[in-house]
Amino acid sequence: MKRILLLLILMFLVHFGKAQSTSPNSYQKRVLETPEIELLMSYYQQDGDHSAVGGGIGDESLDDVTPTIVITLPLNDNDVLTIDAGLSAYTSASSSNINPFNSTGASGRGGDDEEDEDDYEGDDEDDFRPGTSGAAVGTPWLASSGASKSDVLASVSLAYSHSSDDRNWILGLHGSVSKEYDYHSLGFGGSVARLFAEKNTELSLKTQVYLDAWNPIYPTELHEYSQYGSNFLNSGYFEGMTVLNEQGNPTTAYLPNLFSEWDAKKRNSYSASLGLSQIFSRRLQASFFVDLIYQEGLLSTPYHRIYFADRPNYYIGNASDIPVYTSRENTGVFRLADEVERLPDTRLKIPFGARINYYLSQTFKLRTYYRYYTDDWGITAHTGSVELPVSLSPSFTLTPTYRYYEQTAATYFAPFETHVSTEQYYTSDYDLADFQSNQYGIGLSYTNIFSKPKLFNLGLKNVNLRFSHYDRSDGLKANIVSFGLKYVFE
């Protein structure tokens, strides 16, 4: 599969060179007349109670702010360069509980273990510090104060497109890089599109490769076990802490000996997408696509905890909270992990679908979308959406939207404390569970049909504001607000 996708990319590059030889026309309109700059900002907020870091339970609250700038530059009559740079700054109760004990005195310095901190890759030193005497508390239902509660993803991408002189060929190249505290990604790819029948028909092929690498972060208790072995409760971070059994009594029996650190730290993704777009009439346009996506490497998330039904339970915190551990009444105890998520090291995904747009009238337009998805992890999914743009005036458009999604569970998914230790693969990440979701939205856009300069040489082209509410059958709820301004140089 990987060889096939790489071959498609090579074929594209060969064809790219041949398509440059198209003879020029006596006159041609520029692909893009003037440079454009787009300023985007989105805010995402969610709440839920199935944290994968907590093994399938726990607070999933998350806030994410994403400022982005997109600059599109015409290099000449035929070539366009697009630069897309953005940040994604989030605060997450779930990821903060990679180390759930930072909200207590347990994260204070109680000894000298600097070498251990330096050996741990990819996290702030505040997340992993030597232990201290006295009780420690944590809970999957509250965020800890560790460094992993927040992070910033930075990304930059470049896209180059070339149109032939007769505008019947469009060729493109794409490259991107992104980085966050435990993960970085390098992407590249290409595309080719051919227009037929007086540009009423378009056939396109897109290929993409992502070469990613983890800097694995593990739950605190498993990280310490990997450092000190069976004596880890008397060393490093946990020195001086008290571990409790299911009855709330002190014990030294906790030994997560099924855990071992990952050898592989790479994740590579290869994709190819074939599309067909057709204008049937002045009112009706449709497009169809089929994608092929192959992934290999570390496809598990190293800090997703697993709790086995056939292993004893061990805790750190207040014994009185153990009976209510799985509810929000638990404010002071955290269960120590048996293992981390383990998933196959390959995955094949095949989505395909269609878009159909219909011009109802000068006021109303209809946009519909459907996608079917299947993969070799056992998931099948259906996505359907509809938009109804309403032209309030030549400049203002109001767009209500609705999206429905449903999927079956992955073969390897089971809820909190349902997996058994004899299984080969296991996850309690509810993104891989059986669920349905509904998303409702409304958008308002303004287009300056005169595009008069508003600031120096910048003319406002359009303004977009959108709000969406997302509701998932497992209790996850989210709100998304996005805002965009596009200017043209005049």
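The values are calculated or read from the model by the stated rules, or taken from the named source; none is laboratory data. A quick note: this is a predicted structure, and the numbers were derived from the prediction, not measured. Note: ideal-geometry Cβ built from the backbone for every residue, glycine included; neighbour counts use all protein chains shown. Each accessible area value is taken on the protein alone, full model and side chains, heavy atoms only, with ligands, DNA and RNA left out. Shrake-Rupley method; radii C 1.70, N 1.55, O 1.52, S 1.80 Å.
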| field | Filter result (open to solvent by 40 Å² or more (accessible area, probe 1.4 Å), without any contact (Cβ under 8 Å) to a residue 60 or more places away in the chain and within 20 Å of E33 (Cβ to Cβ)) within region 157-198 | value | I170
| Applying the selection to region 406-419, what residues are assigned to a loop (DSSP other than H, G, I, E, B) and under 19 Å from the mean Cα position of the chain (by Cα)? | A409, A410
| message | Any residue at all in region 248-260 that's in a strand (DSSP E or B), touching a strand residue (DSSP E or B) at 6+ places or on another chain (Cβ under 6 Å) and in contact (Cβ under 8 Å) with a residue 12 or more places away in the chain? | response | no
| task | Considering only residues that are closer than 21 Å to I98 by Cβ and in contact (Cβ under 8 Å) with a residue 12 or more places away in the chain, look in region 224-234 and name the one that is least open to solvent (accessible area, probe 1.4 Å). | result | E224
| message | For region 355-374, give me each residue that is touching a residue at least 60 places away in the same chain (Cβ under 8 Å) and either more than 29 Å from R282 (Cβ to Cβ) or touching a Phe, Trp or Tyr at 6+ places or on another chain (Cβ under 9 Å) (or both). | response | R355, I356
| Candidates T331, T346 - the one that is touching a helix residue (DSSP H, G or I) at 6+ places or on another chain (Cβ under 7 Å) and open to solvent by 10 Å² or more (accessible area, probe 1.4 Å) | T331
| field | Given (1) open to solvent by less than 70 Å² (accessible area, probe 1.4 Å); (2) within 29 Å of L432 (Cβ to Cβ); (3) of a type outside the set (V, I, T), number of the condition S281 does not satisfy | value | (2)
| query | What do you reckon, is E36 of a type in the set (D, E, K, R), within 30 Å of G190 (Cα to Cα) and crowded, with 18+ Cβ neighbours inside 10 Å? | reply | yes
| message | Within region 258-270, does at least one residue satisfy the condition of being small (G, A, S) and at positive phi? | response | no
| said: So, in region 293-318, how many residues would count as being aliphatic (A, V, I, L, M) and either over 25 Å from V420 (Cα atoms) or open to solvent by less than 10 Å² (accessible area, probe 1.4 Å) (or both)? | reply: 4
| task | Within region 39-77, track down each residue that is outside any strand (DSSP E or B) and either of a type in the set (D, E, K, R) or open to solvent by 20 Å² or more (accessible area, probe 1.4 Å) (or both). | result | D49, D59, E60, S61, L75, N76, D77
| Out of T427, T408, T447, sole residue that is over 25 Å from E339 (Cβ atoms), among the β-branched types (V, I, T) and open to solvent by less than 70 Å² (accessible area, probe 1.4 Å) | T447
| query | Only one residue in E221, E246 is among the charged types (D, E, K, R), open to solvent by less than 10 Å² (accessible area, probe 1.4 Å) and touching a helix residue (DSSP H, G or I) at 6+ places or on another chain (Cβ under 8 Å), so which one is that? | reply | E221
| note | The correct count of residues that are open to solvent by less than 60 Å² (accessible area, probe 1.4 Å), assigned to a loop (DSSP other than H, G, I, E, B), touching a residue at least 24 places away in the same chain (Cβ under 8 Å) and not hydrophobic (A, V, I, L, M, F, W, C) in region 375-405 is 3
| said: Quick check on my filter: what residues within region 43-62 are within 21 Å of E221 (Cβ to Cβ) and among the hydrophobic types (A, V, I, L, M, F, W, C)? | reply: A52, V53, I57
| message | Any residue in region 463-490 that is touching a residue at least 60 places away in the same chain (Cβ under 8 Å) and farther than 17 Å from G443 by Cα sitting within a Cβ distance under 6 Å of a residue that is acidic (D, E) and crowded, with 18+ Cβ neighbours inside 10 Å? List the pairs, counting only those 6 or more apart or interchain. | response | G475/D49; V488/E36
| field | Whichever residue in region 420-458 is of a type in the set (A, V, I, L, M) and outside any strand (DSSP E or B) and, among such residues, is modelled with the lowest pLDDT | value | I449
| field | Options Y270, Y237; residue that is touching a residue at least 60 places away in the same chain (Cβ under 8 Å), open to solvent by less than 40 Å² (accessible area, probe 1.4 Å) and out of contact with any Leu (no Cβ under 9 Å at 6 or more places or on another chain) | value | Y237
| request: Might you check whether a residue that is in contact with a Ser or Thr (Cβ under 6 Å, 6 or more places away or on another chain) and on the phi > 0 side of the Ramachandran plot occurs anywhere in region 363-385? | output: yes
